[in-house]
Amino acid sequence: MKAFESPGETDARTALWLKVLTLWHVVLCVVLVFGLVWLWLPSTTAASWMRLVGSSILALAAGASGAAATLIPRYRHRGRVLSLVVNYLGFLFCLLYGLHVMGIYEGIDALGGTFGLGLSFLALAFVGYLISALGDRYEDYPKRQQAFRWVGNLIMIVFATVALARIVIGLLPGSLVFLEKLVAPAALALVVGAIIFGVMIAGMWRQPTAMAMRAQNVHEEMLSGYLFLSPNLLGFLLFFAGPLLLSFYVSFTNWDSFGTRDWVGLRNYAKLLNLDIAALQSPTQPVAEVMDVTVYDELTRFGILGKNFAIGAQDKLFWLALRNTFVFSLLAVPLSVIPALLLANLLNSKLPGMKFFRAIYFLPSIAAVVGVALIWQWLYNAAVGYINYSITSSVGLINSVVGVFGVNAIDPQIRWLSDTRTALLAVVIMSAWQWVGFNTVLFLAGLQNIPGELYEAATVDGAGKLAKFWHVTIPLLAPTTFFVVTTAVIQALQLFEQVYVLIPTEPPGGPNNSTLTLVLYLYQKGFQRFEQGYASAVAWTLFAVIFGITLLQYYRQRASSQNY
């Protein structure tokens, strides 16, 4: 697109559009500033965090609109971009919030209920389409072909009209309510606002206006690209980044999800991380004699260099959850990564049937966690589960062998999910089984990117299979290994669904908190006890742990990659 060299080349209509757009942004800036002032009036009943978020949005919008009002008369392309962004966001706000005020989202549910009224007639209309399509087989008989098409089209029109009529009749009561809400002042204001914003977008987007604002092809491509990306970008801001920032603010409050929202600063984090260490005179000395038990609960005790110590925590459950999470990660990550690497090497061969086995190993990864947990819950059953049945059969065989010598083995009946010693191990086994297939596919993709010439050169040098695996496969698979290990660690540190479904205790995390993880503890605090402020602090502490471990893995990977 060619840009005008001087503003004087604009036609009268374009010049009028630019004046209207400038005036519109001046008015919009003033309205937004008044809204910002109103938001902080003492009479406003909005909560402090709502005022903070609302004022930030209004200030940004007012600043962008004011900047657009100063840049448009000077024919700067930045003014065009700011104008399009502000008007586009304003149009979306007025449209979506207006639909909410008018109850259109409830009408979608009503449409789903009335759609079934015309479903049978739509099926008959489809029969008409089939009859019409059948006429294409009689190309050599034009009259017969025309008759089939005429009958088919008639059937489609009649039954489609009946189906639409039945749907409309079913929606008629809701439509009357919708029209009643449409004439309400708030709904009318939002509809008018959406129309005005839409007109301003059309005025700024038109080609003569774009040329007058010195738009180039690269500018048009950029705006079109952001327009297509806007649903994802806005969804990210509204449903991820926004709640993330809100939770960070909430972590400094004592919000209970209902009314209380007092600023407490770092008190939540101090309570989470507060520990006390006291020396003991003997390993069995009561902790109440050396520690304030009204504040601290005994977490553990240990001995070193002949001295005994006790550790107390203000929030004992948090540290138990942290310990369980780390233990689970240390067990589940190797069990889901190392077998995956070995399986990927086996499946990388060109033997017949390898594609079938790849699909079989990947199936657990796409299965629903709830379904997988219910199956393993049955397998872990102490009385009728197949795992204990297999162990019992093995012990019976051993008894028959050693019974000749007068020795009897104990017939085990392991209570996998109700014993504190085995509950976490049961979750580890199930999770590793489910994750290994996905990791296998990732390793397999990495293996297929390794050039075959390297293996051929290693074979010429006399390297065996183990040497080629250790000196060729492992170094060249390092980026894939880093990705697999990192994602596995993050997944393990966020353990929730497996424990929640596999071991249905109340509160979650039983028996005796032996399977309590950080995310489960967050769930207890936030959604069972409604301590949203404290739960947000737990969430951000978990984020710090994950970020620290991921950063450590990144630097280790970066250091090791420099050695090759």
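Close Lys pairs in the chain, defined as Cα atoms under 17 Å apart and 8 or more places apart or on different chains, number 4. What the phi angles of the range 12-26 give under the Karplus curve with 6.51, -1.76 and 1.60, with θ = phi - 60°, is a coupling list of 5, 5, 5, 4, 5, 4, 5, 5, 5, 5, 4, 4, 4, 6, 5 Hz, glycine and proline written as x.
For 144, 80, 137, the ranking by accessible surface with the largest value first comes to 137, 144, 80, using a 1.4 Å probe.
Taking a probe of 1.4 Å, how large is the accessible area per residue of the chain, in Å²? Kindly include the intermediate steps, with their values, before the conclusion.
Numbers: 33500 Å² over 564 residues.
On a per-residue basis, 59 Å².
Computed from the Kirkwood radius of its Cα pairs, the Stokes-Einstein diffusion coefficient for the range 292-335 at 25 °C and 0.890 mPa s stands at 202 µm²/s.
Do any trypsin sites (Lys or Arg not before Pro) in the range 466-564 lie in a loop, going by DSSP, with at most 15 other beta-carbon atoms within 10 Å of their beta carbon, and if so which? Walk me through the numbers before you get to the answer.
Values: sites: 468, 525, 529, 556, 558; in loops: 529.
Those that pass, being in a loop and sparsely packed, are 529.
Using a 1.4 Å probe, how large is the accessible area of residue 220, given in Å² and rounded to the nearest 10? The accessible area comes out at roughly 30 Å².
The H on the amide N of residue 300, modeled in the peptide plane, is under 5 Å from the matching H of 311, each at least 5 residues off or on a different chain. Across the range 470-477, rounded Karplus estimates of 3J(HN,Hα) from the backbone phi angles (6.51 cos²θ - 1.76 cosθ + 1.60, θ = phi - 60°) give 7, 9, 10, 5, 4, x, 6, 8 Hz, Gly and Pro being marked x. Listed values for the range 256-261 are Karplus-derived 3J(HN,Hα) couplings in whole Hz (6.51 cos²θ - 1.76 cosθ + 1.60, θ = phi - 60°), namely 10, 6, 10, x, 5, 8, and x replaces Gly and Pro. The candidate values were (1) 1.01; (2) 1.08; (3) 0.97; the one computed from these coordinates for Rg/Rh (Cα atoms, Kirkwood Rh) carries the label (2).
Calculate the dipole size of the chain relative to its Cα centre from +1 charges on Lys and Arg beta carbons and -1 charges on Asp and Glu beta carbons; express the result in debye to the nearest 20.
Details: 34 positive and 27 negative charges, 211 e Å.
For the chain, the charge dipole is close to 1020 debye.
With the whole protein complex present, residue 132 retains an accessible surface near 20 Å², based on a 1.4 Å probe. Taking all protein chains together, 264, 30 sort by accessible area into 30, 264, largest first [probe 1.4 Å]. Taking all protein chains together and rolling a 1.4 Å probe, residue 219 ends up with roughly 50 Å² accessible. The H on the amide N of residue 280, modeled in the peptide plane, is under 5 Å from the matching H of 308, 309, 310, each at least 5 residues off or on a different chain.
How would 51, 358 line up by accessible area, probe 1.4 Å, largest first? The partial results should precede the final answer.
On the way: 51 40, 358 65 Å².
Correct descending sequence by accessible area is 358, 51.
Here's the picture: charge each Lys and Arg Cβ at +1 and each Asp and Glu Cβ at -1 in the chain, and of 101, 312, 28 the one pushed furthest to the positive end of that dipole is 28.
The values are calculated or read from the model by the stated rules, or taken from the named source; none is laboratory data. Keep in mind it's a predicted model, so treat the numbers as computed, not measured. As a convention, Cβ positions derive from the backbone with ideal geometry for all residues, glycine included, and neighbour counts pool all protein chains shown. To get the accessible areas, we keep the full protein, side chains included, count just its heavy atoms, and leave off ligands, DNA and RNA. Shrake-Rupley method; radii C 1.70, N 1.55, O 1.52, S 1.80 Å.
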